[in-house]
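The values are calculated or read from the model by the stated rules, or taken from the named source; none is laboratory data. Just so we're clear, the structure is a prediction, and the values are computed from it rather than from any experiment. Quick reminder, even Gly has a Cβ in these numbers, built from the backbone with ideal geometry, and neighbours come from all protein chains shown.
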Amino acid sequence: MTSDLDTEQPNGVLPLRPDLVGLLPYGAPQLDVPHLLNVNENPYAPAPDVVADIAEAVARAAAGLNRYPDRDFEDLRADLAGYLRVESGVELTTDQVWAANGSNEIMLHVLQAFGGPGRTVLSFAPTYSMYPEYARDTFTGWVAGRREADFSLDPDVARAAIAEHAPSVVLLASPNNPTGTALPATTVLAVLDAAARVPGGCVVVVDEAYGEFRRTGVPSALELLPDHPHLAVSRTMSKAFGLAGARVGYLAAAPALVDALRVVRLPYHLSAVTQAVARAALRHAPALMAQVGSLRDERDALVVWLRGQGLTVADSDANFVLFGLFDDRHAIWQGLLDRGVLIREVGPDGWLRVSVGTPKDMVAFKNALSEVAGL
């Protein structure tokens with residue numbers, strides 16, 4: 001006997017959410033070419049002594065893998081607080097730090113806790129393309145305000161957008177992706193002030209995934225934490241630490257904000273192996289930060305070179321550079337790829353983004369771009 005339901009729903013039909021129909025998963029091309037300069041990775045693999053330390057730490061963790069990991073990973077949180085104390089000069093306690101599987105999961109935790117149906121998350125475009133996806137996945141409304149032509153954020157524009165939309169979360173990337181521009185403290189303070197006036201409250205997240213690459217004199221929003229309990233500052237170990245494959249992101253905020261994230265996280269979300277890898281890498285922070293310095297120098301030299309070729313280049317405090325403008329940016333992208341150099345076709349029309357690589361990578365990029373663009 002066949003029911004009406006059987007005739008209307010043939011075998012194999014999936015009840016996919018309507019807002020997901022036809023969508024493709026996020027992701028940049030992963031191609032096997034000599035010069036990978038498209039996803040802002042640290043081009044330097046961990047040094048042998050770091051690898052050995054990580055391997056030893058993982059071996060110790062493996063001996064206890066029959067048990068669940070430390071659910072609140074307090075040792076790792078203490079290590080991260082110690083690192084930020086040195087890197088940014090900000091004193092933090094363990095209960096002010098949170099960690100997850102990449103800063104992506106950190107952002108998801110924030111929107112799970114403070115977003116949701118009937119609520120709004122506000123950011124300012126162009127910015128990181130995953131932000132609207134975090135909103136979609138948590139059923140949070142997404143609003144994108146505007147940045148200026150030089151990709152800066154006008155404090156008055158930000159205040160007006162917050163007053164108009166009354167978001168429960170504001171996401172500010174600084175340095176911004178894909179533009180590389182950092183926000184001055186005065187702009188962040190203007191946003192914090194406006195957010196404090198939102199009825200029902202508003203959390204401001206400053207996403208500093210590339211924070212370690214900022215130029216001398218550019219402050220971290222971590223310095224603003226003591227006076228702003230609705231501020232959270234996120235970081236990652238993927239970039240400066242060269243641990244993109246380990247997937248470790250973290251956040252600093254007031255204890256009450258961190259406690260809210262503990263409510264929505266999945267049980268034992270950070271594996272014992274991940275915790276061991278992160279803690280081992282943090283023991284080598286001084287050596288890894290020396291690499292950051294060389295990448296900053298390489299970035300600054302790249303900006304000078306690109307501008308010397310007559311190209312428009314956005315100021316960068318990150319480990320990448322946005323440059324243009326091209327009538328057919330895809331043709332430039334393809335021409336570079338044909339020469340073994342993979343960069344990213346992202347951002348406003350006419351612009352391209354290149355990650356900072358090794359000196360050898362940069363020579364290959366410059367030579368290929370000179371040929372393709374006729375510089």
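For the range 163-206, residues that are surrounded by fewer than 21 Cβ atoms within 10 Å (Cβ to Cβ) and either at positive phi or basic (K, R) (or both) total 4.
Residues that are over 10 Å from G102 (Cα atoms) and among the aliphatic types (A, V, I, L, M) were ranked within the range 244-256; the one that is surrounded by the most Cβ atoms within 10 Å (Cβ to Cβ) is A252.
Checking the conditions here, which among A113, A160, A185, A190 is closer than 30 Å to A272 by Cα, in the same structural domain as P219 (by TED's automatic domain parsing) and not aromatic (F, W, Y)? Spell out how you get there, then give the answer.
Values: A160 fails: closer than 30 Å to A272 by Cα; A185 fails: closer than 30 Å to A272 by Cα; A190 fails: closer than 30 Å to A272 by Cα.
Criteria check complete, one pass: A113.
Selection of first residues in the range 90-111 that are in a helix (DSSP H, G or I) and of second residues that are basic (K, R), restricted to Cβ pairs under 6 Å at least 6 apart or on distinct chains, gives the following pairs, ordered by first then second residue: T94/R77; G102/R247; H109/R265. Number of residues in the range 127-178 that are closer than 18 Å to V203 by Cβ, within 18 Å of the chain's Cα centre (by Cα) and small (G, A, S) equals 4.
Residues that are without any contact (Cβ under 8 Å) to a residue 12 or more places away in the chain and either in a loop (DSSP other than H, G, I, E, B) or more than 30 Å from P359 (Cα to Cα) (or both) within the range 21-66 comprise V21, G22, L23, L24, P25, G27, Q30, D32, A59, A63, N66, listed in sequence order. Pairs are defined by a Cβ separation below 7 Å, a sequence spacing of at least 6 or placement on different chains, a first member in the range 346-375 that is part of a helix (DSSP H, G or I), and a second member that is β-branched (V, I, T); the pairs so defined are A364/V341; F365/V341; F365/V354; A368/V341; V372/I332; A373/I332. Going through the range 276-334 one residue at a time, which ones are out of contact with any Asp or Glu (no Cβ under 6 Å at 6 or more places or on another chain), outside the structural domain of A246 (by TED's automatic domain parsing) and of a type in the set (V, I, T)? Across the range 276-334, the qualifying residues are V303, V304, T312, V313, V321, I332.
One residue alone among V341, V321, V303 is in contact with a strand residue (DSSP E or B) (Cβ under 8 Å, 6 or more places away or on another chain), within 21 Å of R235 (Cα to Cα) and β-branched (V, I, T), and that residue is V321.
Consider the range 301-321 and keep the residues that are part of a loop (DSSP other than H, G, I, E, B) and in contact with a Ser or Thr (Cβ under 9 Å, 6 or more places away or on another chain). The one that is nearest to A149 (Cα to Cα) is A314.
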